[in-house]
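Working notes, beginning with the structure itself.
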Amino acid sequence: MKINSVVRSTFLFTFLMNSIMLAGQIDTVSVLKFADPLTDNMVVQQNKAFTVWGNAGRESEVVIKADWTSPVTVKADKKGGFKGIIPVPEAKKGDFTKHRLSIISGGQTKVLNNILIGEVWICSGQSNMQFAMKEVVHAAEELKKTDHPNIRLFNTGLNFSNTPILNVSGHWQECSPETVEGFSAVGYYFGKKLYDRLKVPVGLLFTGIGASACQAYLPREVLAGDRLLDSVYLAPYLRSGKSKEKIDGGFSFEKVTRPYLLYNAMINPFKNLSIRGVIWYQGESNRKDRLPYTRAMYKMITSWREKFGQGNFPFYYVQVAPFFYDQEDPALADYAFFREQQEKISKLDHTAMVVTMDVGEAKNLHPKDKKPVGERLAGTALHKTYNDLDEPYLGPHFQHVVFEGKKAVVSFIPETILSGLTTNDGKAPKFFQLAGKDQVFYPAAAKIEGNKIIVTSKRVKSPVAVRYAFTNYPVTNLENSNGLPAVPFRSDRWDEKGNNMKD
């Protein structure tokens, strides 16, 4: 009996030790993985240091091997996280070579296949950026033309988090009619034009959600560190019962406007990813804001640049399109004042705004013609990021006005006119207004004379202010010879009063 007890004790001890050793082996081996944004079929940003990160055994050595450079060995931290940096060569036009990337640790190897080297852009914002290819005008015909295996797509799954996280759902796929039908139409058309012009692979990563507000994409500490943003967005939320709720991944129109939750779950996971820049289409959910929105966007852009640690990368954004918000009153101008605030964002370095006043639909918040929007963003990138100075990207932009008796003579910045002013329908320019000292705006007639617009109104004998497309839902026709629409403007600096225009 005594011997059997000893045997049993020895057996139990051996079993426990083997279990502990096996658990240790599992800990150091089976956890080897790439970070979620790094998957088969991805595009690696060309001509920039590329961070490879993920998880391995605690404090284990990890060898990073790419078939375009020498191996790099790094050591995982005490929690198993590792990060290594490898160089990436410049992409050559027409070179669509498929590459491999491996990580090796603890006797295991993980491999990413079918990788391309090219240009990577993040596409973010709310519903007009999320608006899918299957929903665009002539979708069936457009989808037939989307078989482009050297364009790669990453569609991020919706999630929310109270704290910054690194895990995210989604994977890279080759662009095809099947994979792109649910992908951002603006993103696709942007990427397709870059692909056609640059002749290199293009990776497009969508991370956003419809109805989302700007403050949702800002880090909490950034909101807290700005008195205005704290008082408008953060503090009211933290005082509310909503901030005490358990956060899950489910969608609600209210939840996508809460501060910092989307940043934590849908931007932070990509902060180590090498990118060229960001395109952004958002603002509808913040349309009642003015200065707070401009400030929030400034802070969002600068904080993303800081978190990503890749310098002042380009950030190109879309001005919201005309929409009546169920108020059929051509005199209303609150949305115009919001667009004006959006334009101010472009004062920040390496940003630019794309105008959509001519391709909107006055009674559709989600205009279906997304091709011009994506291609205008691409034109902006080609000119400003890729130094193709022959690529036009600016529409007519107001310079100054001279009042001569009953008429206003409007001039535009010369380089935005290109070879001339015109209209897209052959008719006179629409949606000009004039006001006298009484600050009451009336519809005005406009005509093109050379590179200027002459504006008159029988109801304004001595005009002192002119406005163009400065109401809620004007779908415009004024453009330059390259088909780029004029930017809405006003010459006055009067306080917002709901617009006093009379019929």
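The values are calculated or read from the model by the stated rules, or taken from the named source; none is laboratory data. All figures in this text were calculated on a predicted structure; none of them were measured in a lab. Cβ coordinates were reconstructed from backbone atoms using ideal geometry, including for glycine residues, and neighbour counts include every protein chain displayed. Each accessible area value is taken on the protein alone, full model and side chains, heavy atoms only, with ligands, DNA and RNA left out. Shrake-Rupley method; radii C 1.70, N 1.55, O 1.52, S 1.80 Å.
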Segment 351-503, accessible surface, carbon-and-sulfur percent (1.4 angstrom probe): 48 percent
Quarter of the Cα convex hull surface for segment 194-292, i.e. its orientation-mean projected area (nm²): 8.2 nm²
Euclidean distance of C-alpha centroids, segment 361-399 and segment 463-496, integer Å: 17 Å
Cross-link reach list, lysines versus residue 83, counting only Cα pairs under 20 Å and skipping chain neighbours closer than eight places: 33, 48, 65, 75, 110, 271, 307
Peptide ranges 165-174, 64-73 listed from the most packed, as the mean C-beta count within 10 angstrom indicates: 165-174, 64-73
Residue-normalised accessible area of the chain, expressed per residue, 1.4 Å probe, Å²: 44 Å²
Cβ-defined net charge surrounding residue 230, 14 Å radius [Lys, Arg +1; Asp, Glu -1]: +3
Amide hydrogen neighbours beyond the local backbone of residue 171, cut-off 5 Å, H modeled: 155
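Give me the net charge for the shell around residue 351: Cβ to Cβ below 12 angstrom, other residues only, Lys and Arg +1, Asp and Glu -1.
It works out to a net charge of +2.
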Estimated dipole of the chain in Debye, rounded to 20 [Cβ of Lys and Arg +1, of Asp and Glu -1, Cα centre]: 920 debye
Estimated [θ] at 222 nm from DSSP helical runs (n ≥ 4, -39500 (n - 2.57)) normalised by residues in the chain, nearest 500: -6500 deg cm²/dmol
Extended-chain gain in nm, criterion 0.36 nm per residue less alpha-carbon gap, residue 403 and residue 437: 11.0 nm
Candidate aspartates and glutamates - alpha carbon under 20 Å from residue 299, same-chain residues fewer than 8 apart omitted: 221, 226, 230, 284, 289, 340, 343, 349
Relative packing of peptides 182-193, 343-354 - highest average C-beta neighbours within 10 Å first: 182-193, 343-354
Residue-by-residue Karplus 3J(HN,Hα) for segment 414-424, coefficients 6.51, -1.76, 1.60, Hz, glycine and proline x: x, 5, 8, 7, 6, 9, x, 8, 7, 10, 7
Phi-based couplings in Hz for segment 351-362 (Karplus 6.51, -1.76, 1.60; Gly and Pro marked x): 10, 7, 10, 9, 9, 10, 4, 8, 10, x, 10, 3
Under Karplus coefficients 6.51, -1.76 and 1.60, residue-wise ³J(HN,Hα) of segment 256-265 in Hz, glycine/proline x: 6, 9, 5, x, 6, 5, 6, 4, 4, 9
Rounded, prolate or oblate (a/c below 1.5 giving rounded, otherwise prolate when a/b exceeds b/c) for the chain by Cα gyration tensor: prolate
Under-5 Å amide H pairs with residue 477, H placed in peptide plane, nonlocal only: 430
Prolate/oblate/rounded call for segment 318-457, Cα gyration tensor, a/c under 1.5 rounded: oblate
Dipole axis of segment 190-231 (+1 Lys, Arg; -1 Asp, Glu on Cβ), positive-most option in 210, 229, 194: 194
Length released on extending from residue 288 to residue 167, taking residue separation times 0.36 nm less the Cα-Cα span: 40.2 nm
Sequence-distant residues sharing a close amide H with residue 209 (under 5 Å, placed H): 125
Gain upon complete extension [residue 108, residue 348; 0.36 nm per residue less C-alpha separation]: 81.7 nm
Efficiency of FRET from Cβ geometry, residue 306 and residue 97, R₀ 41 Å, rounded to 0.05: 0.75
Sequence-distant lysines (8 or more away, or on other chains) whose Cα lies within less than 24 Å of residue 145: 93, 98, 134, 192, 193, 199, 368, 370, 371
Size of charge dipole - segment 390-503 - debye, nearest 20, with Cβ of Lys, Arg +1 and Asp, Glu -1, no other charges: 720 debye
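Ranking request for peptides 385-392, 318-325: highest mean number of other beta-carbon atoms within 10 Å first, then the rest in descending order.
So the peptides 385-392, 318-325, ranked by packing, come out 318-325, 385-392.
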Shape of segment 80-182, Cα gyration tensor, a/c cut at 1.5: oblate
Kirkwood hydrodynamic radius over Cα pairs of segment 404-501, then Stokes diffusion coefficient at 25 °C and 0.890 mPa s, in µm²/s: 178 µm²/s
